[in-house]
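Heads up: the structure comes next, in structure tokens.
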Amino acid sequence: MSDSSSRYSSIALVKEIESPENPGGREKRVALIPSDVGQLVKSGIKVYVEYGAGNGVGFSDDEYLKNNAIMQTAEEIYVNKSLIIKFKGPAIASVEQMSEGCTLFCMAHFNSYPDRAKLLQDRRINVIAMEDICESPKYETDHKILARVAMNAALTPFINDQTIANLQVRVIGWSERLRGAIKRAGNRGPRSLRVIQPTLAFNELDAVGPNALYFYDSQSFHDQQDILLQLHNAGTHLFDLSEFEREHGQQAISAYRGSHPPEEFGLRRIQCLHETGQAGARYGLSLLKEHKPSVDVANIKAVILGYGNVGQGALDELHQHGVKHIHVLGRAQTAKESIGYWLKDADIVINGAEQPAALRGKNFLISNQHVKELIPENSVVIDLVGGSATNRSPVEPVISCSFLTQPYFVQDGVLISSLWGWPMMGMMRETAIRYSGQITDVLISREKLINGLDKLTPGVKLALVCGPF
């Protein structure tokens, strides 16, 4: 029943059950919430919903019925459906219920479960992996560009005189306006990059003088400790994002857009990456407090590998919990000859650094040796990247993701967690709502996936991991 050359006229919304990446059926989120089902129905699509699909995150069958869904049993839901939508990948038994030529739209993690992938191919099921759909073209907001060009302006003198490798960059506070600056600093390879609390006194600062740069935003940073004057008097470099915005903002943003045409592909379209970082860091802190009850969270040594979307979520969470100094590691700091310095005596290490597929299973940023020799007993390693035995994480002890049935394990006295579906840690309903809005937008708004496989936009074509059949 191939619909590859025609518009999908019906959708089956399936309830989450136990599957290879959902042992025990702990994943309760639903891919489409009732109000978004209503939008799809208004656009002329029949939406079949499995009974109980939304119960796990507080959406009743009655709410789906009020939005004109057609409710069906588990035995009925797969029969003669051209487009099947669920959140996590399917159970093996569910694949066997699907009709040849239909399309499965889910978080497929296709390379992580080769046996299921082969079954889907053998049964000629088209698979679109939600996690692989990208913006096309890439979209950049003004505030991200502003932060990026401001940090670039701050670092240019050090790049030009070749002293960047000795520069200690300190970003005061975390905010959406600062995240682009943090990412740009990480890309430029300074000696160190830390995000610090805006409440620190001068005597708590670890970097002062001509080899230090403090980057801040006076729109949100109110210098109650008078550290800026003291830093200035000590010959430290200072840079204010708000001042740069007033003097150069619009001109700098326009110049950037003029010299940087949009890239063909951008960020993931269906994602809760920031929430993933938040949930991972929150869980990591809870483990740390449980196993190091005397720890003072404000003074812990916190290390984050990477400064992308998941890393920024972890930064946000640690900052909200009052951690005074958060070490952010870029490529220079995660090199084999350097990373040991940062991991030594760490209380919490959070990995948000992705690696190319060719390096997975070959290059480990956090090795078994690091865990054994450098990271103290009862410290915590949180892996936000994850993977499986065939698609390894950059954290060597992580052979495969952990699940809610057993979120962490202990190796050489260190607590390690690499949970599949971090937002399930207390953010299930909120992230279900966000995912649903993104999925609906991909279906009928920006990408119009509902029009069929022969009309896929470039960003969706990337995600067609099986088919077309």
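The values are calculated or read from the model by the stated rules, or taken from the named source; none is laboratory data. Just so we're clear, the structure is a prediction, and the values are computed from it rather than from any experiment. Neighbour counts are summed over all protein chains in view; Cβ atoms, including those assigned to glycine, are modelled from backbone coordinates with ideal geometry. Just so you know, the surface numbers come from the protein's heavy atoms only, side chains and all, with ligands and any DNA or RNA stripped out. Shrake-Rupley method; radii C 1.70, N 1.55, O 1.52, S 1.80 Å.
Per residue, the range 360-440 exposes an accessible area of 37 Å² to a 1.4 Å probe, with every protein chain left in place.
What number, in percent, do you get for the relative contact order of the range 350-392 if the mean sequence gap of Cα pairs under 8 Å and at least 6 apart is divided by its residue count?
71 percent
Under the criterion of Cα pairs below 8 Å and six or more residues apart, the relative contact order for the range 346-469 equals 19 percent.
Using the Cβ atoms and a cut-off under 14 Å, what net charge is assigned to the surroundings of Asn22, where Lys and Arg are +1 and Asp and Glu are -1?
Numbers: positive: Lys15, Arg26, Lys28, Arg29, Lys86, Lys88, Arg116; negative: Glu16, Glu18, Glu21, Glu27.
Net of charged neighbours comes to +3.
Using R0 = 22 Å, the C-beta based FRET efficiency linking Ser338 and Glu377 works out to 0.40.
Remark on Met71: its backbone amide H falls under 5 Å from those of Val49, a criterion applied only to residues 5 or more positions apart or on other chains, H modelled at 1.01 Å from N.
In the list [x] 23.8; [y] 29.5; [z] 21.9, the label attached to Kirkwood radius over Cα pairs in Å as derived from the coordinates here is [x]. Computed with every protein chain present, the accessible area of Asp206 is close to 70 Å² [probe 1.4 Å]. Using the Cβ-Cβ distance between Lys455 and Asn363 with R0 set to 56 Å, the FRET efficiency from 1/(1 + (r/R0)^6) comes to roughly 0.90. Taking a ≥ b ≥ c as the square roots of the eigenvalues of the alpha-carbon gyration tensor, the range 13-110 is classed oblate because a/c is 1.5 or more while a/b is no larger than b/c.
Over all other residues within a Cβ to Cβ distance under 13 Å of Leu119, the charged ones net out to 0, with Lys and Arg as +1 and Asp and Glu as -1. Here the label points at Asp62 and Leu229, each 7 Å from Cα along the C-beta direction, are separated by 6.4 nm in the simple model.
Please figure out what share of the DSSP beta bridges in the range 131-272 is antiparallel and state it in percent, rounded to the nearest 5. Taking every DSSP beta bridge within the range 131-272, about 5 percent pair in antiparallel fashion. By the scheme Lys and Arg +1, Asp and Glu -1, what is the net charge of all other residues having a beta-carbon under 12 Å from that of Ala93? Computed value for this residue: -2. Summarising the amide proton neighbourhood of Phe87: residues at separation of 5 or more, or on other chains, whose placed amide H is nearer than 5 Å comprise Ala31. Only Cα pairs under 8 Å and at least 6 apart count here; give the relative contact order of the range 367-417 as a rounded whole percent. Result for the range 367-417 is 43 percent. For the residue pairs Lys28/Lys324; Lys15/Lys461; Lys81/Lys455, the alpha carbons lie more than 24 Å apart in Lys28/Lys324; Lys15/Lys461. Of all beta bridges that DSSP places with both ends in the chain, some 20 percent have antiparallel geometry.
Counting heavy atoms of the protein chains only and a 1.4 Å probe, report the per residue accessible area for the range 191-305 as a whole number of Å². Present the calculation step by step, with values, prior to reporting the outcome.
Details: 5700 Å² over 115 residues.
Here the residues of the range 191-305 average 50 Å² of exposed surface.
For the set Arg360, Arg434, solvent exposure ranked by accessible area (probe 1.4 Å, protein chains only) runs largest to smallest as Arg434, Arg360. Stretched out straight at 0.36 nm per residue, the stretch from Thr156 to Thr141 would grow longer than its current Cα-Cα span by 3.2 nm. Evaluating 6.51 cos²θ - 1.76 cosθ + 1.60 at θ = phi - 60° for every residue in the range 384-399, the Karplus couplings come out as 8, 8, x, x, 9, 4, 9, 8, 5, 6, x, 9, 4, x, 7, 6 Hz, glycine and proline recorded as x.
The share of alpha-carbon pairs in the range 340-383 lying farther apart than 15 Å comes to 42%. Using R0 = 45 Å, the C-beta based FRET efficiency linking Glu176 and Ser6 works out to 0.60. In the frame of its principal axes, the range 250-341 has Cα extents of 54, 34, 25 Å, reported largest first.
Between Asn211 and His248, the modelled label-to-label distance comes to 2.6 nm, taking each label 7 Å out from Cα in the direction of the beta carbon. All Cα-Cα separations within the range 365-469 were binned at 5 Å from zero, giving a P(r) of 2, 11, 15, 14, 13, 13, 12, 8, 6, 4, 2, 0, each value a whole percent of the pairs.
For the range 143-186, taking the reciprocal of the average inverse distance between every pair of different Cα atoms yields a Kirkwood hydrodynamic radius of 10.7 Å.
Spherically averaged projected area of the convex hull of Cα atoms, the range 171-254: 5.7 nm². Give the carbon-plus-sulfur fraction of the accessible surface of the range 146-242 in %, rounded to a whole number; probe 1.4 Å, heavy atoms of protein chains only. Summing carbon and sulfur atoms, their accessible area is 45 percent of the total for the range 146-242. Taking all protein chains as shown and a probe of 1.4 angstrom, His232 keeps an accessible surface of around 120 Å². Per-atom-type breakdown for the range 343-468 gives carbon and sulfur 51% of the accessible area (1.4 Å probe, protein chains only). With all protein chains in place and ligands, DNA and RNA left out, the 1.4 Å accessible area ranks Ile172, Ile17 as Ile17, Ile172, largest first. The charge dipole of the chain, taken about the Cα centre with unit charges on the Cβ atoms of Lys, Arg (+1) and Asp, Glu (-1), comes to about 740 debye, rounded to the nearest 20.
Computed about the Cα centre, the dipole magnitude for the range 214-367 is approximately 740 debye when only Lys and Arg (+1) and Asp and Glu (-1) carry charge, each at its Cβ.
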